[in-house]
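Beneath this line is the structure, given in structure tokens, with notes to follow.
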Amino acid sequence: MEILILIVSLLFVLVGIAGSVLPAVPGLPLSWIGLLILYTMPTIEFDYWTLGITFVFTLIIVILDYVIPAQGTKRFGGSKYGIWGTNIGLIVGILAPIPFGFIIGPFVGAFIGELIFDQNDSKRALKAATGSFLGFLASTFIKFVFCMVLFGIYIHTVWKYWSVWF
């Protein structure tokens, strides 16, 4: 049974890492749930501090995931159309058979969104699209790094208790 829990928790953590760059998958919460599942094993001492601190950071980063791209767009003079364009472009970029579509999509989407908002000012649209894109990249990077931290905690914990299972 413990091997099954190990596998399930590892799958949650790995899907969480993938989800940190894919928009439709809540990567960070899934990685944290994988860590929580690991700590439910009877042979592993339940660590309230590790789970509590990582949970707080997970909540903060999940909230920042929505704030950072919007602030990037605002800081570069964008509108809500640019923010919506970023999100739609991200989804289209992932579904399109274009290499690196998930990177190109948000930029193009923000640019088109800003052109819909004001089609006469392409310079401002390009600037806002750049801000939205940079915000998206920063947010994705933060999520990915923290998912890797959770994966590191997972590996450390499994390594620590490895001799108990095998």
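The values are calculated or read from the model by the stated rules, or taken from the named source; none is laboratory data. The structure presented is a predicted model; accordingly, all values stated were derived computationally and were not measured. Methodologically, a virtual Cβ is constructed for each residue, glycine included, from the backbone with ideal geometry; neighbour enumeration extends over all protein chains shown.
Working only within the stretch 34-49, note down all residues that are farther than 17 Å from Leu4 by Cβ and more than 25 Å from the chain's Cα centre (by Cα).
First pass over the stretch 34-49, keeping only residues farther than 17 Å from Leu4 by Cβ: 45-49.
Scanning the stretch 34-49 gives Glu45, Phe46.
Yes or no, residue by residue, for (1) at pLDDT 85 or above; (2) of a type in the set (A, V, I, L, M, F, W, C); (3) part of a helix (DSSP H, G or I):
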| position | (1), (2), (3) |
| --- | --- |
| Lys123 | yes, no, yes |
| Ser139 | yes, no, yes |
| Cys147 | yes, yes, yes |
| Ile155 | yes, yes, yes |
| Val164 | no, yes, yes |
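Select from the stretch 1-54 the residues that are modelled with pLDDT of 90 or more, surrounded by fewer than 16 Cβ atoms within 10 Å (Cβ to Cβ) and closer than 27 Å to Ile94 by Cα and list them in ascending order.
Val8, Leu11, Ala18 - these are the residues of the stretch 1-54 that are modelled with pLDDT of 90 or more, surrounded by fewer than 16 Cβ atoms within 10 Å (Cβ to Cβ) and closer than 27 Å to Ile94 by Cα.
When both residues are 6+ apart or on different chains and their Cβ atoms are under 8 Å apart, which pairs have a first residue that lies in the stretch 46-65 and is touching a residue at least 24 places away in the same chain (Cβ under 8 Å), and a second that is among the basic types (Lys, Arg)?
Close Cβ pairs satisfying both conditions: Ile61/Lys143; Asp65/Lys143.
Name every residue in the stretch 1-14 that is touching a Ser or Thr at 6+ places or on another chain (Cβ under 8 Å) and among the aliphatic types (A, V, I, L, M), in order of residue number. Let's see the steps before the verdict.
Applying the first criterion (touching a Ser or Thr at 6+ places or on another chain (Cβ under 8 Å)) to the stretch 1-14 yields 2, 5, 12-13.
Those that are touching a Ser or Thr at 6+ places or on another chain (Cβ under 8 Å) and among the aliphatic types (A, V, I, L, M): Ile5, Val13.
Sort out which residues of the stretch 38-56 are out of contact with any Leu (no Cβ under 9 Å at 6 or more places or on another chain), of a type outside the set (Gly, Ala, Ser) and part of a helix (DSSP H, G or I), and write them in order of number.
Step one: list which residues in the stretch 38-56 are out of contact with any Leu (no Cβ under 9 Å at 6 or more places or on another chain), which gives 40, 42-43, 45-49, 52-53, 56.
Then drop every residue that is not of a type outside the set (Gly, Ala, Ser), which leaves 40, 42-43, 45-49, 53, 56.
Selection gives Tyr48, Trp49, Ile53, Val56.
When the stretch 57-83 is examined, which residues are found to be crowded, with 19+ Cβ neighbours inside 10 Å, in a helix (DSSP H, G or I) and of a type in the set (Gly, Ala, Ser)?
Gly72, Gly82 - these are the residues of the stretch 57-83 that are crowded, with 19+ Cβ neighbours inside 10 Å, in a helix (DSSP H, G or I) and of a type in the set (Gly, Ala, Ser).
Taking the stretch 1-37 only, how many residues are touching a residue at least 40 places away in the same chain (Cβ under 8 Å) and not in a helix (DSSP H, G or I)?
5
Name every residue in the stretch 108-166 that is among the basic types (Lys, Arg) and either free of Cβ contacts under 8 Å to residues at least 40 places away in the same chain or loosely packed, with under 14 Cβ neighbours inside 10 Å (or both), in order of residue number.
Narrowing the stretch 108-166 to residues among the basic types (Lys, Arg): 123-124, 127, 143, 160.
If the condition is that a residue be among the basic types (Lys, Arg) and either free of Cβ contacts under 8 Å to residues at least 40 places away in the same chain or loosely packed, with under 14 Cβ neighbours inside 10 Å (or both), then Lys123, Lys160 are the ones that fit.
Within the stretch 82-90, does at least one residue satisfy the condition of being in contact with a Ser or Thr (Cβ under 6 Å, 6 or more places away or on another chain), free of Cβ contacts under 8 Å to residues at least 60 places away in the same chain and over 21 Å from Ala125 (Cβ atoms)? Break it down stepwise before answering.
So the first thing to find is which residues in the stretch 82-90 are in contact with a Ser or Thr (Cβ under 6 Å, 6 or more places away or on another chain), and the list is 82-83, 86.
Then keep just the ones that are free of Cβ contacts under 8 Å to residues at least 60 places away in the same chain; that gives 82-83, 86.
Still in the list and also over 21 Å from Ala125 (Cβ atoms): none.
So far as the stretch 82-90 goes, no, none of its residues is in contact with a Ser or Thr (Cβ under 6 Å, 6 or more places away or on another chain), free of Cβ contacts under 8 Å to residues at least 60 places away in the same chain and over 21 Å from Ala125 (Cβ atoms).
Within 18 Å of the chain's Cα centre (by Cα) and farther than 11 Å from Leu150 by Cα: does that describe Ser20? Explain how you work it out, then say what you get.
Numbers: within 18 Å of the chain's Cα centre (by Cα): yes; farther than 11 Å from Leu150 by Cα: yes.
Taking the combined requirement at face value, the residue satisfies it.
Suppose we filter the stretch 84-108 for residues that are assigned to a helix (DSSP H, G or I) and either within 18 Å of Ala138 (Cβ to Cβ) or under 15 Å from the mean Cα position of the chain (by Cα) (or both); how many remain?
Residues of the stretch 84-108 assigned to a helix (DSSP H, G or I): 84-95, 101-108.
Retained after the next criterion (residues that are either within 18 Å of Ala138 (Cβ to Cβ) or under 15 Å from the mean Cα position of the chain (by Cα) (or both)): 85-87, 89-91, 93-94, 102-107.
Counting residues in the stretch 84-108 that are assigned to a helix (DSSP H, G or I) and either within 18 Å of Ala138 (Cβ to Cβ) or under 15 Å from the mean Cα position of the chain (by Cα) (or both) gives 14.
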